[in-house]
1. Please give the net charge around A:Gly447, taking every other residue with its beta carbon less than 10 angstrom from that of A:Gly447, where Lys and Arg add +1 and Asp and Glu add -1.
2. With every protein chain left in place, what is the accessible area per residue of the stretch A:362-477 in square angstrom, probe 1.4 Å?
3. With unit charges on the beta carbon (Lys/Arg positive, Asp/Glu negative), name the residue among A:Gly218, A:Ala207, A:Ser247 whose Cα is farthest towards the positive pole of the charge dipole of the stretch A:201-268.
4. For A:Ala31, what charge total do you get from the other residues with a beta carbon under 12 Å from its beta carbon, if Lys and Arg give +1 and Asp and Glu give -1?
5. From the backbone phi of the stretch A:23-30, what are the Karplus-calculated ³J(HN,Hα) couplings (6.51 cos²θ - 1.76 cosθ + 1.60, θ = phi - 60°) in whole Hz, Gly and Pro given as x?
6. Using a cut-off of 15 Å between beta-carbons, work out the net charge of the residues near B:Ala298 (Lys and Arg +1, Asp and Glu -1, B:Ala298 not included).
7. Residues of B:150-156, mean number of Cβ from any other protein chain within 10 Å of their own Cβ, rounded to a whole number?
8. Dipole of the protein assembly as shown, Cα-centred, from +1 at each Lys and Arg C-beta and -1 at each Asp and Glu C-beta, to the nearest 20 debye?
Amino acid sequence: MKDFAALFSAIDQTTRTTAKTKALAEYFGHASDDDKLWTIALFSGRRPRRAVTTTDLRAWAAEEAGIPLWLLEDCYPIVGDLAETIALLLPPPETVSDLSLSHWIGELRALHDIAPEDRPARIRAAWAQLDETERFLFNKLITGGFRIGVSRKLMTRALAEATGQDEAVLAHKLMGSWTPDRTSYHALIEAEDPAADQSRPYPFYLAYQLDDPAAELGSPQDWQAEWKWDGIRGQVILRGGETHVWSRGEELMTDRFPELTRAADFLPMGTVFDGEIVTWDGTQPMPFNSLQQRIGRKTVPKKLLKEAPVILLAYDLLEDQGQDLRDTPLRDRRARLEALLADLPPEAPLRASPVIGFDSWDGLAQTRAEARAHRAEGVMLKRRDSPYLSGRKKGDWWKWKLEPLTVDAVMIYAQQGSGRRANLFTDFTFAVWKGNELVPFTKAYSGLTDAEFDRITTWVRRNTQARFGPVRQVTPEHVFEIAFEGIHESPRHKSGIALRFPRMARWRQDKPIDEANTLEDLRDMLSTYG
Amino acid sequence: MVSGAAAPIVGLMTEPVLTFTDRGIYCPAGDFFIDPWRPVDRALITHGHADHARPGHTHYLATDAALPVMRHRLGEITAQGIAYGETRQIGGAQVSFHPAGHIPGSAQIRVEVAGEVWVVSGDYKTTPDGLCEPFEPVRCHSFISECTFGLPVFKWHDQRSVASEINAWWAANRAAGRFSLLGAYSLGKAQRLLSLLEPQGPILTHGAVEATNAILRDQGYTLPDTTHVTPALNPKEVPGALVIAPPSALGSQWARRFRPASTGFASGWMRLRGIRRRRAMDRGFVISDHADWDGLHAAIRDTGAENIYVTHGYTDIFARWLNERGWNAQVVPTEFGGEEEDSAPAEAAE
C-alpha cells in the first residue's frame, strides 16, 4: 500500500497534468501486475464489491476514535468525504506494515465470507497498521467513488507511456464490462485477443462546443450537419447473436431499453452503431422528461414501454460485417449507415438521424434557430472526411448548441457542497415571484467562479434567517440569471415546472429582487418551449 | 446577547463580569470592551490581527509586544502598553494580559471583579512555536474560548515534521530549478515559517510580510535574513529562492515574475483535502497558529473553568460536545473570523 499511497500523494500534490501522468507511468513501470490491474480498474470507475455498509463503517470508526457517532456525522459534511473523515479521526496506527494494494482488496473481498460479527475486528486490524494516507485510500476502497484527480484519460495516457502501446488502442481495451476478478493484467493489456469480449464498445468520440463563428470552419461542403438530440448517447452492438446497449458513461443498459434488443431481428451481426437513445412518438423525439422516467428503471413496466418507447437515432456506423470502420472517412461510414437502415420497417427500433442539408453557414444558422421545434438542442457539425476518433478531440466534430433560455431569480436557500466544495455554500434554491410571494422553482450548483462562491459563502453566513438541517434560509437579496436548456411541466414541483440542466449564468448584482422574473413569465416560456 | 440561559451569576453580583453586546465583549465594572468590532471609548486588544484589532476606538490597551504592529496597521492611535502578567485596575475590574501563543505579542485577557475571574482567550495555540511567547494557562471561573478548529478531525502534527516537509519541498524545487512560492498570512504565520526554514538559499518576501518582519526584528524577535521583493529585483539572480507572500498575492501579477514555480500554502485548513484542492496550490502544509482539537481541550481543562463560552469556529458542535462532557458551555455570536478560513480581509489589501 505504501507505493500506492506514494502514487496518490504525488498526484495529489500537484496540479500539473504532466506531473500526474509521469507519476502514474512510473508506478505502472514498477508495480506488480495485480496492483497495476487494480489501479487501472479504480481509475476507470471500477471498484471492489462493497464489503461493509457505510453505516457500519461510521459506527466502528466513531468507536475507534472515541467519539460519539453524532460528532463523526457532524464532521463528515465539513470534510466532505467519508473516507477522509474517518482517516482523520482515527488514532495513530500502532504498527506499520507494507502489504500491497491487492492484498488489502483481497482482505476486503474476504469479508464477504466471514461472519458479520467478525468484520469490525478485521477492519480495525487494518486501520491499526495503516498510516493516515493509506487509511484514506483503504476507506475509499470501501466507500467507492475513487475520484482523486486522475481521469480515465490521464490514466490511459500514463499506461500508454509505460507500455509503449497506442493510447487509442488501450482506451478500447479498457472499455466494457471487465473486472479485475475475472481477468488479469496480461489478458487485459498485454495479450493480443482476437476473441475480445463480444460486448465491448468502442471509445466514444466526443465533440467540443463551437465558440468561434461557424464560417471559420471553411467550406460548408466539407461538413455534415445533424440535429443535436437531447437524449442519451449510446452504442448499440450486434455481435455473436446478441444485442448490447452501452451508454456513454459505459454503463450496460441493455435491460433498460429492451426495445433496442429487437435490432437483431432486422440487422446482421457484426454491426455497431453510435447514436442517441430518445423516446419517440412515431415522428419525433418526446421531451426529455419522458426519457428520464426510463433511465431510472432497470426493468420497465409494460405501460411505460407503451407510453415512452425508445429508439436509437443512429448517426454513425463503427463496425460493419465485423470490420472496424473507425478509420474510414465519415462520408463513407454515413453511406453505409444509410444503406443498412434504408429499408427497415417502421417497427424497427433504429433510424438514421437525418442529415441537415445546407449550402451556407447563414442558412444553417437559420435552421439551427428552429432546433427546439425539432426537439433538438442545436446542431452537430462533423467533417465529412474525418475518421472516428476516441475521446474529446478538437477539430473534426463540433456541437453548435442554441443559446440557453434564461430567467432572473432570487436566491432563497443555500446548502454547502462536498468534496472540493466542502465548507463552501454552492448549492442554491431559486425562486420567482407569484404576486408578493417568492416561489421556489429550481436548484442550481454550477456556473460561478471560486471567488464568487467564496463571496456568496461569507454573505450566506451573515444572512442566515433559519436553518433546516443543512439548509439555510437566507435573506432574499441576490438575483442570479439562471440558464437552462429546456422547460417542462412537473406536478412534483411546487411551481409546477421543471428545468433541464439549470445553472447560474451570472450573478446579477445590478438587479434588485423586485426585478426578478415571475411565475407567469415561466408559464409563458413553458407554453412556447415546453 | 448570550443565547439561551443568562450568564451565570456568582454570589450577590447582579451583573456578570463580562457581557456580550452587539459591539463586542463588555466589562460593566470597568466600562471597557475586549476586541470590539464597532468603535468604542476604551478597547482592550488581544492581538493585532484585523478581526480583533479594529480601527476607530478612542483608547487602546494591548501588550507592549503587540503594540508596534498595531500602530503599523491602524495608523495614529491613542494606545497604552502593558507587560505580560502586570495587573492594572480599570474601574471596578482588575485586568492582566497573559501569553496566548498565537502570534508575537498575543494575549489572553484576564478580568477579575470581586473575586470572580473571567478569561478571554483571543486566538491561541497551546504548543510552543519557538518564536512567540508560549501559551500560559490561566485559572478562571469562566473562559471565553475561540474554537476555529473545534472538530476532532483537526489534529496538528509536530512542528518539526512540518518544518522538514517544507524544507524538503524547497530543496526539491531548487534541484528542479523552480522557485518555491509559499503563501502565508503576513502577520504571524509568515514569521513562524521563516523561523522554521533551514538556510539553503535566498528567502524573498512580499512587502506586507517584510513590513511586519522589520517591526518584529526591531522588537528583538529573531528572524533569518530576508530580501524584500522590489521591482528592481531580478528573479534570474535568485534562482531557487523561496518566496513568502500573503495568499492573495500568490495568484496575482506580482507572483508571475517567479517562474517556473511550485506553490504551497501553510494553514490548518490544509488538513482538509477539499479545501487544499480548492486552493489549487501544489502543496498544502498543515500548520496553524490556532489550537487543534486536543489543544482546545487541554486549554479548557487547565483553566479549571466551569463555564465555557465558545466564539468563532465550529461553535455549535464544540459546545454540544463540551456540554456532553460535563461543562456548562454556550455559544456566543461574535464578529471575529467566524467559520471562514482564517483569511482576514485586510490581508488582501496589503
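1. Here the charged neighbours net out to 0.
2. Here the per-residue accessible area is 45 Å².
3. It is A:Ser247.
4. Neighbour charge sum, excluding A:Ala31 itself: -3.
5. So the Karplus estimates, Gly and Pro as x, are 4, 5, 5, 5, 4, 4, x, 10 Hz.
6. Summing Lys/Arg as +1 and Asp/Glu as -1 gives 0.
7. Neighbouring Cβ atoms belonging to other protein chains average 6 per residue here.
8. Using Cβ point charges on Lys, Arg, Asp and Glu, the protein assembly as shown gives about 1060 debye.
The values are calculated or read from the model by the stated rules, or taken from the named source; none is laboratory data. For clarity, every value in this text was computed on a predicted model and none was experimentally measured. Quick reminder, even Gly has a Cβ in these numbers, built from the backbone with ideal geometry, and neighbours come from all protein chains shown. Remember, those area values only see protein heavy atoms, side chains included, never the ligands or the DNA or RNA. Shrake-Rupley method; radii C 1.70, N 1.55, O 1.52, S 1.80 Å.
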